[in-house]
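Inspection log for the structure reproduced underneath, given as structure tokens.
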Amino acid sequence: MCKFAPSLARVTDTDHAGTGRRDRKKAQTRAALTAAALRLVAERGLEHVTVEEISEAADVSSRTFFNYFTCKDEALTDDPALDGNPVVARLAAAPAQVSALQAVRVALGEAIDTIQADRELWRLRLAVIAQNPALLPRLVAGNSATEQAMVAVIASRLGVGLDHGHPPLVTAVAGAAFRTAMLRWAADDDARPLHDFVDEAFTAIAAGLPDPPSPS
């Protein structure tokens, strides 16, 4: 058996390398389709863009498009940065001594960095959603399972039951703060980083949402 071990090891290394290349290629194709969809819809409007046109702009076939998305709307709203599994895992791993709200802010850190790195794409996405409000329910619905999982983790952290009002309230408020921060960031022309807006929103909530001082 030892005689064949080196050969098996080489095959395994090659397989890992091939898998890595395939994953990168898939990510590139998905990103190209998303960018093409957002650009075309921003230029022409949601009702005047087809899957075939998006595929052609991304230099792939329509069949390839459906390997990544079920429909045009999904290509516009879905993004790997919105994958809730890492957020939930980081929430569960957040230090026990921080509040539930602070734990959510910690859990969002990596997603915030990922979105920040793709600022222009996200600005375009949020502009497209603002122009086409019908897309908003899809964006919100995609977060539903993540929010339920976050409620369960927060309840566990606090030692309360799932029927307690605090975990869903924290989750809902944190989600609203994050969405508000993203919209402000997308509209900002000063290139302030997204985490500034998120921190500002979470700090205001933690302070009890005091009214800002009068401009006068």
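In region 38-52, the residues that are modelled with pLDDT of 95 or more reach residues that are among the aromatic types (F, W, Y) with C-beta atoms within less than 6 angstrom, at least six apart or across chains, in these pairs: V51/F65. In summary, V104 fulfils each of the numbered conditions (1) out of contact with any Phe, Trp or Tyr (no Cβ under 9 Å at 6 or more places or on another chain); (2) modelled with pLDDT of 95 or more; (3) under 24 Å from D188 (Cβ atoms) with the single exception of condition (1). Give the residue that is nearest to the chain's Cα centre (by Cα), with candidates limited to residues of region 158-172 that are within 19 Å of L108 (Cβ to Cβ) and without any contact (Cβ under 8 Å) to a residue 60 or more places away in the chain. So, considering only residues that are within 19 Å of L108 (Cβ to Cβ) and without any contact (Cβ under 8 Å) to a residue 60 or more places away in the chain, the one nearest to the chain's Cα centre (by Cα) is A172.
Of all residue pairs spaced 6 or more apart or on separate chains, those with beta-carbon atoms under 6 Å, a first member in region 189-216 that is free of Cβ contacts under 8 Å to residues at least 40 places away in the same chain and a second member that is surrounded by 14 or more Cβ atoms within 10 Å (Cβ to Cβ) and part of a helix (DSSP H, G or I) are F197/A181; F197/R184; F197/W185; A201/A177; A201/T180; A201/A181. Looking at T171, is it touching a Leu at 6+ places or on another chain (Cβ under 9 Å), hydroxyl-bearing (S, T, Y), in a helix (DSSP H, G or I) and closer than 18 Å to G84 by Cα? So T171 does not fit the description; no. Go through region 39-59 and give me each residue that's surrounded by 13 or more Cβ atoms within 10 Å (Cβ to Cβ) and touching a Ser or Thr at 6+ places or on another chain (Cβ under 6 Å). V51, S55 - these are the residues of region 39-59 that are surrounded by 13 or more Cβ atoms within 10 Å (Cβ to Cβ) and touching a Ser or Thr at 6+ places or on another chain (Cβ under 6 Å). If only residues of region 22-38 that are of a type in the set (A, V, I, L, M) and surrounded by fewer than 19 Cβ atoms within 10 Å (Cβ to Cβ) are counted, the one that is nearest to T50 (Cα to Cα) is A32. Among the residues that make up region 109-121, is at least one of them crowded, with 18+ Cβ neighbours inside 10 Å, in the same structural domain as M182 (by TED's automatic domain parsing), modelled with pLDDT under 95 and more than 13 Å from the chain's Cα centre (by Cα)? Taking every residue of region 109-121 in turn, none turns out to be crowded, with 18+ Cβ neighbours inside 10 Å, in the same structural domain as M182 (by TED's automatic domain parsing), modelled with pLDDT under 95 and more than 13 Å from the chain's Cα centre (by Cα). In region 171-216, how many are of a type in the set (A, V, I, L, M, F, W, C), in contact with a helix residue (DSSP H, G or I) (Cβ under 8 Å, 6 or more places away or on another chain) and over 25 Å from I129 (Cβ atoms)? Residues meeting the conditions: 1.
The values are calculated or read from the model by the stated rules, or taken from the named source; none is laboratory data. These numbers were taken from a predicted model, which means no experiment stands behind them. In this analysis, Cβ positions are derived from the backbone assuming ideal geometry, glycine residues included, and neighbour counts consider all displayed protein chains.
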